[in-house]
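Here's the structure we're looking at; comments come further down.
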Amino acid sequence: MANRILVIAEHRDGNLKLISKEAMTMAHGLDGWEVVSVVLGSGVDAIAADLATWGGTRTIAIESPKLAQYTPEAYVAALSELIEDLKPTAIVTGHSYQAIDFFPRLAAAVDGALIPDVTSVAEVDGKLRCARKVINGKLETHCDPVGDGPWLISLQQGAFPAQSPGATADVETRNPDLSQVVTREIVSIEAAEAGEVDLTAADIIVAGGRGVGGEKFKVVFDLADAMGAAVGASRPPCDSEWVEHERQIGSSGQVVAPKLYVAVGISGAIQHLVGMRGSQCIVAINKDPNAAIFQEATYGIVGDLHEVVPALIEAVNEAKES
Amino acid sequence: MKILCCVKQVPEKDARLRIAEDGSWIQEEGLSFAISECDRYGVEAALRLKESTGGDVTVVSLGGDRATKGIKEALAMGADRAIHVNTDDLMMADALTIAKVLAAAVKDEGFDVVVAGQQSDDLGYNAVGPALAHHLNMSHVQIVLSLEAVDGGKLRVRHELDNNLIETVDVPTPVVLGVQTGINDVRYASLKGIMGAASKPQVKKTLEDLGFSAADVASRVQMQGVAFPERSSQAEMIEGDPAQAARTLVMKLKTEAKVL
């Protein structure tokens with residue numbers, strides 16, 4: 001019997017999330033596995049039809065009034081029942097914030113093995129060997145799930161670029177009785193306050209990270225001035241209030257794609273990378289030669305930013321004069 | 001309210017990492033360790049909740065002897081008592097196994113609120129909180145930005161969803177909250193707090209005490225060693241002293257990348 005992989009898809013505002021299409025793409029990359037996808041909600045016919053165009057043997061739409069809005073309670077209850085029925089060897093989903101919320105609890109509920117935030121998957125000796133980053137992205141590890149499954153693997157955003165398989169799955173609808181499931185009360189869902197600073201329109205962005213230091217953060221503004229750039233930041237400077245929160249770039253902030261992105265003292269946590277990866281040219285300045293940001297860089301300088309940045313300001317000014 | 005906060009000792013953020021000779025993990029000798037960043041905000045959130053609702057705060061940490069440093073720090077900040085699950089055997093264990101052991105260590109305490117960091121700085125599974133909630137039969141919220149007690153024994157919690165959405169939910173207690181960084185200003189321990197920490201009640205529990213055999217706590221994830229990621233071929237590293245490197249970079253940005 002072929003191994004079965006279950007892909008849990010997510011949706012928001014009636015649309016299948018890109019990260020779920022990426023998860024389908026990863027599943028199709030396994031040779032000889034049966035791919036089954038599932039989407040949960042209330043009135044999700046159209047989303048299930050879209051998901052089915054991403055292939056597999058079948059797409060299951062789980063419908064319940066209890067699933068009209070996402071809650072971990074209803075998700076875990078419905079998915080536990082489905083997993084009990086399908087007995088998949090592997091279960092994958094995108095490593096979204098929503099998955100961070102429900103997927104570990106689901107893994108505990110089905111007594112599986114959980115490998116989160118994975119960047120590549122390969123079948124080795126009958127296991128799915130997963131690559132992931134540890135210690136804030138500085139090191140890479142490969143790890144295998146232990147046991148016969150289910151193995152619950154969540155996939156880092158962008159790690160498996162979505163490719164349509166050109167085949168459509170059959171859609172089947174299930175209506176489990178979730179009336180006994182006690183869900184939390186959702187008070188509101190709102191967009192995070194945008195603030196005054198719109199970095200998405202900037203051609204050049206100079207962004208500072210933890211490595212800059214609180215007292216010295218002005219150098220980031222000085223370099224931005226010299227380059228005619230906007231100032232952005234990774235999460236730590238915003239958390240520490242060295243700069244306004246609205247300058248945060250990343251999964252919890254703005255997503256930017258300028259012509260030139262200069263990352264100063266930014267180590268390159270994935271939450272930041274997803275907000276700036278699309279930049280045309282990326283310069284990284286960091287004292288740690290192993291910083292993850294260099295993986296993304298077009299040009300890199302390893303050194304003390306408090307020496308390199310003043311020199312860079314001078315060089316930019318010289319170039320203007322010449 | 002009876003509040004628990006979970007703290008993990010991890011290598012300090014700026015630590016210069018070296019890989020151990022056998023390649024299995026980093027060389028820990030000579031590294032300094034500190035409370036994982038999210039967990040620090042968690043301690044502060046727990047203390048603030050106690051200050052607004054009354055009750056007490058217990059700190060729990062799982063790890064070898066070095067975990068006592070984090071425990072002391074949390075006690076000095078204002079936690080009232082500590083539980084140390086003292087073992088060297090689970091350093092590389094997966095999040096589900098850690099959650100199972102933590103649950104066994106605290107299940108009889110009747111905590112109303114458990115605060116954990118949403119992610120650790122070392123293994124970064126983002127998972128202990130929700131899995132712990134499963135084992136303790138509590139509700140949970142991940143990536144928490146704020147919390148306050150509201151009527152009916154509930155907490156009103158704001159947390160991050162994808163696409164920059166922020167959801168506000170009322171969750172019944174008992175509940176496990178996985179907090180995000182930056183959600184509060186973490187206090188420093190006062191001198192009085194530091195002086196008083198040593199006399200606060202601390203319980204040590206071993207895996208044996210909790211009734212676990214080695215097989216019970218075998219990791220569900222087998223790591224095959226660690227390595228520094230290979231640098232992508234596209235990155236061009238610019239060498240030289242700062243002035244030279246800066247001029248070379250500016251030249252390349254103008255003439256090669258044509259973005260300046």
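The values are calculated or read from the model by the stated rules, or taken from the named source; none is laboratory data. Quick caveat: nothing in here was measured; it's all calculated off a predicted structure. Virtual Cβ from ideal backbone geometry, glycine too; neighbours counted across all protein chains shown. For accessibility, only protein heavy atoms count, side chains too; no ligands or nucleic acids. Shrake-Rupley method; radii C 1.70, N 1.55, O 1.52, S 1.80 Å.
What net charge do the residues around A:TYR97 carry, taking every other residue with its C-beta under 9 Å from that of A:TYR97, with Lys and Arg at +1 and Asp and Glu at -1?
Around A:TYR97, the surrounding residues sum to -3.
Specify whether the C-alpha gyration tensor of the protein assembly as shown places it in the rounded, prolate or oblate class, a ≥ b ≥ c being the square roots of the eigenvalues: rounded for a/c under 1.5, otherwise prolate if a/b is larger than b/c and oblate if not.
oblate
Per-residue accessible area for B:ASP185 at 1.4 Å probe radius, Å² rounded to 10?
Approximately 100 Å² of B:ASP185 is accessible to the 1.4 Å probe.
For segment B:171-240, state which trypsin sites (Lys or Arg not before Pro) are in a DSSP loop and have at most 15 other beta carbons lying within 10 Å of their beta carbon.
B:ARG187, B:ARG231
Out of B:ALA116, B:GLY70, A:VAL256, whose Cα points farthest toward the positive end of the dipole of the protein assembly as shown (charges: +1 Lys, Arg; -1 Asp, Glu; placed on Cβ)?
Going by the charge dipole, the pick is B:GLY70.
Each residue of segment A:223-236 in turn: what ³J(HN,Hα) in whole Hz from Karplus with 6.51, -1.76, 1.60 and θ = phi - 60°, glycine and Pro shown as x?
My calculation for segment A:223-236 gives 5, 4, 4, 4, 8, x, 10, 8, 9, x, 7, 7, 5, x Hz in order.
For the residue pair B:TYR188 and A:VAL171, what label-to-label distance in nm results when each label sits 7 Å from Cα along the Cα-to-beta-carbon direction?
Here the modelled spin labels are 6.0 nm apart.
Rg and Dmax in Å for segment B:77-116, alpha carbons only: what are they?
11.6, 30
Take segment B:2-217, drop everything but the C-alpha atoms, weight them equally and run the Debye formula without solvent; then report log10 I(q)/I(0) at 0.08, 0.11, 0.18 Å⁻¹ to two decimals.
-0.26, -0.50, -1.36
Placing +1 at every Lys and Arg Cβ and -1 at every Asp and Glu Cβ, with all other atoms neutral, what dipole size does chain B have around its Cα centre, in debye to the nearest 20? Write out the running numbers ahead of the final one.
Details: 28 positive and 37 negative charges, 113 e Å.
About 540 debye.
Residue by residue, what Karplus-based ³J(HN,Hα) values in Hz, rounded to whole numbers, does segment B:212-227 have, using 6.51, -1.76 and 1.60 with θ = phi - 60° and x for Gly and Pro?
Here the 3J(HN,Hα) series is 9, 8, 4, 5, 4, 10, 5, 4, 7, 10, 9, 7, 9, x, 10, 8 Hz.
To the nearest 20 debye, what is the magnitude of the charge dipole of segment A:148-283 about its Cα centre, counting +1 on the Cβ of each Lys and Arg and -1 on the Cβ of each Asp and Glu?
500
Check B:ARG18: other-chain or 5+ apart residues with amide H under 5 Å from its amide H, H built from backbone geometry?
B:GLN27
How many Cβ atoms of partner chains, on average, are near each residue of B:140-147 if near means within 10 Å of its Cβ?
The per-residue average across the peptide is 3.
Remind me, relative contact order of segment A:19-162 in percent, using alpha carbon pairs under 8 angstrom and six or more residues apart?
That works out to 27 percent.
Over chain A, with the other protein chains present, what is the accessible area per residue in square angstrom, probe 1.4 angstrom?
With all protein chains present, chain A gives 38 Å² per residue.
Please work out how much accessible surface A:TRP33 shows to a 1.4 Å probe, ignoring ligands, DNA and RNA, in Å² rounded to 10.
30
Once you have a ≥ b ≥ c as the square roots of the Cα gyration tensor eigenvalues for segment A:38-107, tell me rounded if a/c is under 1.5, and otherwise prolate or oblate according to whether a/b is larger than b/c.
Note, shape of segment A:38-107 comes out rounded.
If I ignore ligands, DNA and RNA and count only protein heavy atoms, how much of A:ARG174 is accessible to a 1.4 Å probe, in Å² to the nearest 10?
60
Tell me the relative contact order for chain A as a rounded percent, counting alpha carbon contacts under 8 Å between residues six or more apart. Let's see the in-between values first.
Details: 690 pairs, mean separation 46.7, N = 322.
Contact order relative to length: 14 percent.
Tell me which residues come under 5 Å, amide H to amide H, from B:VAL179 once H is placed; ignore anything under 5 positions away on its chain.
B:ALA116, B:GLY117, B:GLN118, B:VAL144
Hey, what angle do you get for helix B:95-106 against the long axis of chain B, alpha-carbon based, 0 to 90 degrees rounded to 10?
Value to nearest ten degrees: 30.
Rg/Rh for segment A:125-170: what does it come to with C-alpha atoms and Rh from Kirkwood?
1.07
Give me a comma-separated list of calculated 3J(HN,Hα) values for segment B:64-75, in order, Karplus coefficients 6.51, -1.76, 1.60 applied at θ = phi - 60°, integers in Hz, x for any Gly or Pro.
Ordered by residue, 3J(HN,Hα) equals x, 4, 5, 4, 4, 5, x, 4, 4, 5, 5, 5 Hz.
Describe numerically, in nm with one decimal, the distance between label points set 7 Å from Cα along Cα→Cβ at A:VAL187 and at A:SER240.
3.1
Rounded to the nearest Å, what's the spacing between the alpha carbon centres of segment A:259-322 and segment A:155-170? Just the number, please.
Each part reduced to its Cα centre gives a spacing of 32 Å.
Could you report the buried accessible area between B and A, both sides summed, computed with a 1.4 Å probe and given in Å² to the nearest 100?
Approximately 7100 Å², summed over both chains.
Can you tell me the 0 to 90 degree angle between the C-alpha axis of helix B:37-53 and the longest principal axis of chain B, rounded to 10?
On a 0 to 90 degree scale, this one is about 30.
Pairs to check: A:LYS259/B:LYS252; A:LYS133/A:LYS287; B:LYS2/B:LYS154; B:LYS72/B:LYS205; B:LYS13/B:LYS69; B:LYS100/B:LYS205. Give those whose C-alpha atoms are more than 18 Å from each other in this structure.
A:LYS133/A:LYS287
Hey, can you find the accessible area per residue of segment B:2-217 for me, probe 1.4 Å, expressed in square angstrom?
The answer is 40 Å² per residue.
Once you sort the root eigenvalues of the Cα gyration tensor of segment A:68-155 as a ≥ b ≥ c, which label holds: rounded (a/c under 1.5), prolate (a/b larger than b/c) or oblate (the other case)?
In terms of gyration-tensor shape, oblate.
Can you tell me the FRET efficiency between B:MET237 and A:THR53 if r is taken as the Cβ-Cβ distance and R0 is 56 Å, rounded to the nearest 0.05? Intermediate results must be reported in sequence, preceding the final value.
On the way: r = 43 Å, r/R0 = 0.77.
So the FRET efficiency works out to roughly 0.85.
Give me the percent of the accessible area of segment A:251-322 that comes from carbon and sulfur atoms, probe 1.4 Å, all protein chains in place.
50
For segment B:2-217, calculate the relative contact order in percent as a whole number, restricting contacts to Cα pairs under 8 Å that are 6 or more residues apart.
25
Compute the accessible area of each residue in segment A:117-138 twice, once for its chain alone and once with every protein chain present, using a 1.4 Å probe on heavy atoms, and list those whose area falls by at least 20 Å².
Buried by 20 Å² or more upon assembly, which counts only protein chains, are A:ARG129, A:ARG132, A:VAL134, A:ILE135, A:ASN136, A:LYS138.
What angle do you read, to the nearest 10 degrees and between 0 and 90, between the alpha-carbon axis of helix A:305-321 and the longest principal axis of chain A?
Value to nearest ten degrees: 70.
To the nearest 20 Debye, how big is the dipole of the protein assembly as shown about its Cα centre, given +1 on the beta carbon of each Lys and Arg and -1 on that of each Asp and Glu?
For the protein assembly as shown, the charge dipole is close to 500 debye.
Would you rank B:THR53, A:THR89 by solvent-accessible area, highest first, keeping every protein chain in place and using a 1.4 Å probe?
Listed by decreasing accessible area, they come as B:THR53, A:THR89.
In nanometres, what is the gap between the two model label sites at A:LEU18 and A:GLU84, each 7 Å from Cα along Cα-to-Cβ?
If labels sit at A:LEU18 and A:GLU84, their model points lie 3.8 nm apart.
Between segment A:217-243 and segment A:99-116, how far is it from one alpha carbon centroid to the other, in angstrom?
37
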